[in-house]
Amino acid sequence: MKSVQCPIPKQRYDRVMLGHGSGGTLTQSLIDEIFYPAFKNPFLQQQHDGSILPLLSQHIAFTTDSFVVSPIFFPGGNIGDLAVNGTVNDLLCCGATPLYLSAGFILEEGLLLDDLKKIVATMAKAAEKAGVTIVTGDTKVVEKGKCDGIYINTSGIGTVPSNINISPKRATEGDIIIATGFVGDHGICILSTRENLGFESEIKSDTAALRSMVVSLLSEIPDIHVLRDATRGGIASTLNEIAETAQVCIELEETQIPVRESVSAVCNLLGLDPLYVANEGVLLVIVRPEEAEHALSIIRNSPNGHDAEIIGKVVKGSPGEVYINTLFGSSRIIGRLSGEQLPRIC
């Protein structure tokens, strides 16, 4: 009589399976083989629903963001370091010292595990470089076609010194506005990669955590009025938000706004305005006029700020309005976008 054996489920896969989201053995294999080795630290090793964290200040900054960029790999980075850097920069713009991140993953059935490993490794490297620790997370798997490979949510916590008061409400008439680098790189990089436009000069994403820049700024100029990262909607949308929040008028100088020739050429070809194109490594810094040159010098001496420029100022005028003095001597209003200029850029 032949012996009958129960088939043993396959345990090794090269792609994400629905079973990886079941909460069972396959879920644990993702945690044990991919997430824990990459993010290993004492907080994760608590293996609890969350992490108990030591915080040394009563002033806490907390932020969250979700990343659905397509494609998930692009020149200059991938969805992993984008998620870490974006959340770190949000904390920095609050004047916080970033400390801890969470990472939530929505994985599509069929995602290559090698791709997931690359993304997670990049996240770990970005977190180490930014001086933060990924202390908790979650993983869910959805059926093929219900997600675009992978979506990531990251939340962050940091501490804010009591002498720091950074807020868009603090933009004041006379203040000077600095852009910390070339604008539009990330959005055009994503567009050209996604659409396979094949431009001769490769445009790379500017994704970066700007910790060293902000730490240097705040150590010498603690009374910075506004810090904002100009992500979706570019510097134009971000400045409109600031103008409306503070009820001030903002004047920009087109000749002073740093835009790469390659980015400008693509924008002209496709009918895009680089002022509305997303960035992932550019901050807008608003300071008192007497501190502007010193702030600019500090930024230019930081690794990601060599191309910083003073691009405008807060002026007397219609509250909530942003306008630009053009190359041709005229001026025009820079309003909010009515729709999404470039979808799926972060």
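What spacing in nm lies between the two simple spin-label points modelled at Leu53 and Ser297, each 7 Å away from Cα in the Cβ direction?
Modelled inter-label distance: 3.6 nm.
At q = 0.11, 0.22 Å⁻¹, what is the log10 ratio I(q)/I(0) for segment 160-296, with the Debye formula run over Cα points and no solvent?
Taking Cα atoms of segment 160-296 as identical point scatterers yields -0.42, -1.34.
Sum up the charges of everything whose Cβ sits under 15 Å from the Cβ of Ile324, counting Lys and Arg as +1 and Asp and Glu as -1, but leave Ile324 out.
-3
Which distance in Å, rounded to a whole number, links the C-alpha centroids of segment 252-308 and segment 27-98?
Here the answer is 27 Å between Cα centres.
Can you tell me which of 300-309, 145-154 comes out highest on packing, and rank the rest after it, using the mean Cβ neighbours within 10 Å?
Top to bottom by mean Cβ count within 10 Å: 145-154, 300-309.
What lysines sit close enough to Lys169 to cross-link, taking a C-alpha to C-alpha distance under 28 Å and skipping anything fewer than 8 places away on the same chain?
Filter leaves Lys313, Lys316.
Quickly rank 160-173, 84-97, 122-135 as a protection proxy: mean count of other C-beta atoms within 10 Å, highest first.
Per-residue mean Cβ counts within 10 Å order the peptides as 84-97, 122-135, 160-173.
Normalising by the residue count of segment 77-146, find the relative contact order in percent from Cα pairs under 8 Å and 6+ residues apart.
Answer for segment 77-146 is 48 percent.
Enter the accessible area per residue of segment 98-169 (Å², integer; probe 1.4 Å; all protein chains in place).
44 Å²
Express the carbon and sulfur contribution to the solvent-accessible surface of segment 144-258 as a percent, rounded to the nearest whole number, probe 1.4 angstrom.
43 percent
Sum -39500 (n - 2.57) across every DSSP H segment of at least 4 residues in the chain, then divide by the residue count to get the 222 nm mean residue ellipticity, nearest 500.
Estimated from H runs of four or more residues: -8000 deg cm²/dmol.
Report the dimensions of segment 236-346 along its three principal axes from the alpha-carbon atoms, largest first, rounded to Å.
Taking max minus min along each principal axis of the Cα atoms, segment 236-346 gives 40, 36, 31 Å.
Defining a contact as two alpha carbons under 8 Å apart and six or more residues distant in sequence, what relative contact order in percent does the chain show?
22 percent
For segment 82-240, what class follows from the C-alpha gyration tensor (a ≥ b ≥ c being the square roots of its eigenvalues): rounded when a/c is under 1.5, otherwise prolate if a/b is larger than b/c, else oblate?
Oblate.
Rounded if a/c is under 1.5, else prolate if a/b beats b/c, else oblate: with a ≥ b ≥ c from the C-alpha gyration tensor eigenvalues square-rooted, which is segment 139-230?
Oblate shape, in that a/c is at least 1.5 and b/c is the bigger or equal ratio.
When a/c is below 1.5 the answer is rounded, else prolate if a/b is larger than b/c, else oblate, so apply that to segment 284-346 with a ≥ b ≥ c taken from the square roots of the Cα gyration tensor eigenvalues.
oblate
The values are calculated or read from the model by the stated rules, or taken from the named source; none is laboratory data. None of the values given here were measured: they were computed from a predicted structure. Positions of Cβ are generated from backbone atoms using ideal geometry, with glycine treated the same way; all protein chains shown enter the neighbour counts. Accessible surface areas use protein heavy atoms only, side chains included; no ligands, DNA or RNA. Shrake-Rupley method; radii C 1.70, N 1.55, O 1.52, S 1.80 Å.
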